Structure formats: C-alpha cells, structure tokens
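Accompanying notes for the structure given below.
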C-alpha cells in the first residue's frame, strides 16, 4: 500500500479523498435510481451520478495539471441541462397520459 | 493584520451600513412617491418621519406570526430564509471604493474580490428564484402558488437578457472581477470625458445599460413588472400567507436585490467610484459643494418654516450637513470618503430612478411582460452582443 | 484549513445526497440535490476550477434544478407511497451498496500512485480566460455541436410539452 501523506487538520487534502467522495456520491445516485419509484426522483438520482462524475473529472484535471477535465465537465453540464429539459417534457407527457408518476404503474406490459 | 480579522471587520462594517441603508431606502421611497403624488409622506414619527423605519421594524417584530394550517412547515420557514440569504451575499462582493490605507493597514473597500465576481452574482440571482417559488408553493394556497410560479418564471425569463447585457461590456473590459472592471474605466478622454463604459469606444454601451436596468426591474419584481406581487392582483402573490418577520424578510430581500442591481449597474456601466470629471478641474470639492448647498437650503427654510417644529429641526439638519461638508475637506478622510461618495451618488441616482418609475408607470399584464422579454429584449440583447463583439474584434 | 473546508463541504454533500435518497416528498429530494450541487461547486473552487464552479451554480443549481422544482410543483403529486419491494431486495440492497463503495475505495487507494495533496490556489488554469481560450481553439467543434444539441433539446421540449390545439 503506498504511503499516505501526513493526515492532519492543518495540512493539505490527500488527493484520494476527492475520488472517494465521488464514489460515495455515485453509489448514492445508483441507490436512488434503483430503489425509488417516483420518476422525478429517479431522474434526480441520475443528475447526482452525473455530478459525481464531474467531480472525478475536475479532480483528475487538477492532478494532471491541465484544464481539459474542466472543459469535459463543462460539456457534461451542457448535455445534462439539455437532457433535463427533454426528460422533464417526457415526464409531463407521461403524467398527462397515465395520471401517475410511479415507474411501476406506467408499464403496459403483461406482468 | 491577519486576513481573517480584516475580513471580519469589513464584514461587520458592511452589514451594519447596508442594513441601515435598506431601512432608510424604504423611507426615501415613501417620501419620494408621496411628493410625486402631491402629498407629504411619513412625518409624525420623528422629525420628517425619519424614525418611521424603526417604527415599522418594531411593528413587524411584535406582530402576531400567523401560520396557516396545512402549510408545508419546513419549506414555509425555509423560503424567506433563502430569499434573504441569496439577496444579501452580493453585498460582500461589491467594491465600494478604491484602495485605502487606514491606521497603516493597506486594504481595499471591498470585503472580498472574487476573480469571477460577476458570474457569482449572476448565479446568486438565479438561486434567488428558489425563495419565491418555495414561498408560493408552501403556502397551500392557489393564489400564492400562481403568484410564486409566475414570479419565478418572470425572474428566469429576464435573466437571459440581463446576462447578455452584462456580457457586452465584459467584451470591452476583458475581466470578470469587479475590481478589474472599475480599474478598466479609470482615466478620461480628451482630459474631461470619463472613460465609463457608457462612453467608451469602440461602442458606447448605452443599449446594454438600458437593457440591464430594464431586466433589473423585472428581476427585482418592481413596477412596471410587479404583477406577481401586486396587492390588487393576486392578493399579494407569493407572500400572501406570510406575516410579521417573514414578510419583513421578503421585503428586505426585495430592497437588497434593488441595491445589488443598482450597484452592479454602477460598477459595470458607470465607472464605479471614479469621479465625473478629473480631479484637477475640482471634482474633489463636489461633495462639499453639494452638502454645503443642502445646508444653505435647510437654513433658508428654517427662517420661514412651513410647520412650527421645523424651526428647531431644520437648523439641526443644516448643521449636520455643514459638518459632513467639512469632513470632505479633511485630506486624511478625503481618500476614504470621496470614492464612497461617488459610488453612493451613482447608485443612489439609479435607485432614485427605480423609485421614480414606481411612482409613475402602470404595470404590465403578465403575458405582455413575458412577450416583452422573449420577443423584444432577448433579440435586442443578442443583436447588441453581436454588434459589440464585431466592433471589438475589428478594432 | 483546506482539510477542514473539504471535510465540511464533503459532509454537506454526502448528507444531502443521503437525504435525496431517503426523503419521500420529491421537493425535499430536489432541494437536497441543490444542496449537493452547491457543496460540489465549493469543492470545485477548492480544486482551482473557478469557472466550472460558477457554471455549476448558474447552470445546474440555478436553472436545471429550478426546472425540476417547477415540474414537481406543477404536477403536485405528493409523497411517494411505501415501496413494496421483495424482502431480499430491501434488506440486501444497502449492504451491497456499502460493499460496492468499499471495493471502489480500495481500488482507488491501491492502484493510484501517491501524489502530493490538494491545496487551494495551486491550480491556476481554471480561470475563465484559460478555459475560454481552450474552448474556442482546441475544442471548437464540440462547442458548436453542443449548441446544435441545445437547439434540438429546445425544439424537442416544446414539441413534447405543447397542448394540441383542436
């Protein structure tokens, strides 16, 4: 195991902590995505996952010393905004047709 | 001096002064609107109604806080908190003056100079929508919900022309920090015309200034764009169900937003704390002259007062104004007070325009308001940005 | 000081994320997500990405989440009903998640080479000028493509959400 930098409250932040935070947020996003029934909450868990990935991009961009990660993160944000707009329009249409927001009840498949 | 202690001192000063300015802005508004409407305004509480804000604060604090049933309690209490917080944070970013040296400490009259200051202010005004929307929704009241949603839709719609109107002078200033913006407007053309952005080549940003002020009216929900909170329309809109201190919080948030918009317009378009004409032509004596003239007016009115108690109060005001005029002549305080005076004068002028428009114009209907934003202001903002970019690139 | 700030913002982010998953009313989840985004914007600031932090605040927390909040308020569905998942899902899910996090954390610790820590101010290429230069020279094509993408999204959203005029 590689030696960790000195952990103290007045020092620098170890780099791996950012990645672990990103993993925790991503896992919570996956949990929300799999365990919740409201469509909008599921969509918000997807946004949480995208945010976790953004954090990873920016952390590695710091480590590499280049700002390409920032630009990638910027594009992820733009795409997420466009996706949110269209996704919420779809959710509104689903609500208009099925009068419910639960993902288990909008299924028309048999069983 | 350690940075943290300096920042704390500046924060305390800014909070104290801005809170008083907020309270007395309400007094100024009531007096100005009253005089426009040929009446007098508050005059009983203290001389010329000067203690009216204090009376209002005491009234609002001691009023019964009525919480209707079936409100969503958490959001009902969270909404005014959010509105006030996001309205007051920009006070820490605005530069009120230049670099000063007080008791040997060299600092600037700004709590912190964020390098992306204008973007932060834009983001915070976008977050201010949450307070309004949550207030409308949490009140469990159809009129509040409609008022809240309309108001937030209006605020989001006018953020776009505002952002574009901000982007155009940024092309000429090449910086995002407030201090850099004011430094880019120092100096004078031909020795007497100030290099403010509204006068600066290659394209004087007059259209951007008007766009920003118009969008600022809509962002702060002021007349003529105040349909969502007008009292004879939607039963006071999103703050119908709020009483006492929470209503005071929304009120305070609206005035703080107004001051922020005026301050940003001053910094971005009118040159911050730089004087109107160079110091060698005597611009250092402008505040002295203005306050001296006010003292003269007070004394001349005290000779033949309209009301008997003015025989006592008006000379007191005259003496106070003379004291302030004298304070502007002392060289030690002059370096601190002069930039503050110019900044305050420009911001105060824009605030006066806000109040003047409120007293004069009728309000827009909601669909007219939204159509105005999307079909007129937004294309105009894009065209202005395009033209500015073209002229900057060609020069 | 950096460590205290990072722990504070990371704690806020994780607590808000847990709140998002556990709350029943979608509005509480939406506001918790706004809290996560705000905390993440401050963490980006610590990593030197000042432009990205402001973009996160303006675009994500100030526009996308407002859209979410609007839709939730308009649909007004209320709290979610209790989920009736099978017993093994309800009791086996959270431990599996914990195992996933543990595995990923171990991978991160073991396989990444040691690096010096993160200090605020060490990364200077995150300014608007640096990102703008790169965005308009090296990454110009993706920039133009994303503007077309936004146009497609606008047209799609309008078509999907309009009322049929009979």
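The values are calculated or read from the model by the stated rules, or taken from the named source; none is laboratory data. Quantities reported herein were computed from a predicted structural model and do not represent experimental measurements. Every residue, glycine among them, receives a Cβ derived from its backbone with ideal geometry; neighbour counts consider all protein chains shown.
Just the residues that are more than 16 Å from residue C:41 (Cα to Cα), over 17 Å from the mean Cα position of the chain (by Cα) and in a helix (DSSP H, G or I), please, taken from segment A:61-79.
A:63, A:64, A:68
Name the single residue that is farthest from the other protein chains (Cβ to nearest Cβ) among those in segment C:3-38 being farther than 24 Å from residue B:135 by Cβ and surrounded by 18 or more Cβ atoms within 10 Å (Cβ to Cβ).
Among those that are farther than 24 Å from residue B:135 by Cβ and surrounded by 18 or more Cβ atoms within 10 Å (Cβ to Cβ), it is C:9.
Given the conditions (1) modelled with pLDDT of 85 or more; (2) in a loop (DSSP other than H, G, I, E, B), and given that residue B:242 satisfies all but one, which numbered condition is not satisfied?
Result: residue B:242 fails condition (1) only.
Can you tell me which of A:58, A:24 is within 7 Å of chain C (Cβ to nearest Cβ), within 23 Å of residue C:117 (Cα to Cα) and either under 11 Å from the mean Cα position of the chain (by Cα) or not in a helix (DSSP H, G or I) (or both)?
Sole residue among the options that is within 7 Å of chain C (Cβ to nearest Cβ), within 23 Å of residue C:117 (Cα to Cα) and either under 11 Å from the mean Cα position of the chain (by Cα) or not in a helix (DSSP H, G or I) (or both): A:24.
Among the residues of segment B:106-129, how many are within 7 Å of chain C (Cβ to nearest Cβ), over 20 Å from residue B:227 (Cβ atoms) and part of a helix (DSSP H, G or I)?
6
Within the set of pairs 6 or more residues apart or between chains, which connect a residue that is at positive phi inside segment B:43-63 to a residue that is loosely packed, with under 15 Cβ neighbours inside 10 Å and in a helix (DSSP H, G or I) with Cβ atoms less than 9 Å apart?
Listed by first residue and then by second, the contacts come to B:46/B:54; B:46/B:55.
Is one or more of the residues making up segment C:25-34 under 25 Å from residue C:129 (Cβ atoms), touching a residue at least 12 places away in the same chain (Cβ under 8 Å) and under 16 Å from the mean Cα position of the chain (by Cα)?
No, because not a single residue in segment C:25-34 is under 25 Å from residue C:129 (Cβ atoms), touching a residue at least 12 places away in the same chain (Cβ under 8 Å) and under 16 Å from the mean Cα position of the chain (by Cα).
Are any of the residues in segment B:141-161 over 21 Å from the mean Cα position of the chain (by Cα), surrounded by fewer than 17 Cβ atoms within 10 Å (Cβ to Cβ) and outside any helix (DSSP H, G or I)?
no
Being surrounded by 19 or more Cβ atoms within 10 Å (Cβ to Cβ) and farther than 22 Å from residue B:169 by Cα: is that true of residue B:350 here?
Taking the combined requirement at face value, the residue does not satisfy it.
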